[in-house]
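J.: Quick one: this structure, given as structure tokens, is what I'll be asking you about.
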Amino acid sequence: MTRVVLRIALLALLLTPRAATAQDLRQNAPGQFDFYVLSLSWSPSFCAEAAERGGRSAAANVQCGPRPYSFVVHGLWPQYDSGFPEYCQVPAPRLDRGIVSSMLDLMPAPRLIFNEWDRHGTCSGQSPRAYFETVRKARAVVKIPPEFTELKEPLSVTPHAVEEAFIKANPGLSPGAMAIGCDAKRLTEVRLCLSKDMHFRDCAEIAKRSCSREPLTMPPLRGG
């Protein structure tokens, strides 16, 4: 019976995916990661989807009000070259509400800020204040293409066209350092890979997941 159990355990180990093994080696240790992913969500798509679902969530109630948000920060995520850490400190260190208030211009939903800190920020190895300062630095690195900053009418785009627009606006950015997110019909987000010292860097595992559906719609800013 013991031999059977040992054989089963050995087989399970051999069949473990490499990505999971890579994550387990560092065991979600705070500060032990390879790079960041900055996720920028196209707020009008989020609000359009929320309206279609009916019943507004707390995040939608905050983000989809009268202020015309465009690209907002969904999160800044520590990543391994294969896989990613999450929930690296449980319970997470307390997040001061003053920090939350200071981030609402970039991340317009308190619940989002709390969730991002618990799941991703705790893996940065930084204090809450230092982590959200890093979020702000990461966002400052990225220039939004001018054609997306004051969108007044629905825009039909392809993932490649969005990539090209971001590359043109951001010297040093390449297709291998980003991914376009979409739902069934809309562009939903742009993910950009950054080194710990805030330079664009390639990230094959992220880039290969880029949306290939086209064309996509970018709904206009609220009030557009």
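Throughout, read-outs are computed from the coordinates displayed, never taken from laboratory work. Keep in mind the model is a prediction, meaning the values are calculated, not measured. Cβ placement follows ideal geometry from the backbone for every residue including glycine, while neighbour counts extend to all protein chains displayed.
J.: In segment 26-218, if the dipole is taken from +1 on Lys/Arg beta carbons and -1 on Asp/Glu beta carbons about the Cα centre, which of Pro108, Trp77, Pro44 is farthest to the positive end?
T.: Pro108
J.: Give, as a single signed number, the net charge of other residues whose beta carbon lies under 12 Å from the beta carbon of Gln89, with Lys and Arg counted +1 and Asp and Glu -1.
T.: Net charge around Gln89: 0.
J.: Also, I was wondering about something else. In whole angstrom, how far apart do the alpha carbon centroids of segment 159-224 and segment 35-109 sit?
T.: Each part reduced to its Cα centre gives a spacing of 17 Å.
J.: At 4 °C and a viscosity of 1.567 mPa s, what translational diffusion coefficient does Stokes-Einstein give for the chain, taking Rh as the Kirkwood radius over Cα pairs? Give it in µm²/s as a whole number.
T.: For the chosen part, D equals 69 µm²/s.
J.: Please list 74-86, 38-50, 140-152, 169-181 highest first by mean number of surrounding beta-carbon atoms within 10 Å per residue.
T.: Ranked by mean Cβ neighbours within 10 Å, highest first: 38-50, 74-86, 169-181, 140-152.
J.: Which of the listed residues, Cys64, Cys203, Ala169, is farthest toward the dipole's positive end in the chain, when Lys, Arg count +1 and Asp, Glu count -1 at the beta-carbon?
T.: The one lying farthest along the dipole's positive direction is Cys64.
J.: So what is the relative contact order for the chain, in percent, with contacts set as C-alpha pairs under 8 Å and at least six apart?
T.: Dividing the mean separation by the residue count of the chain yields 25 percent.
J.: So, in the chain, how many Lys pairs have Cα atoms under 25 Å apart, if the pair is 8 or more places apart or on different chains?
T.: Qualifying lysine pairs in the chain: 14.
J.: Another one. Using a basic spin-label model with each label point 7 Å from the Cα along Cα→Cβ, how many nm lie between Glu86 and His160?
T.: 3.3
J.: Please get the size of the charge dipole for the chain, origin at its Cα centre, with Cβ charges of +1 on Lys and Arg and -1 on Asp and Glu, quoted in debye to the nearest 20.
T.: 420
J.: Expected output is a single nm value to one decimal: the length gained when fully extending between Arg111 and Ala51, i.e. 0.36 nm times separation in residues minus the C-alpha distance. What is it?
T.: Computed gain between Arg111 and Ala51 is 19.7 nm.
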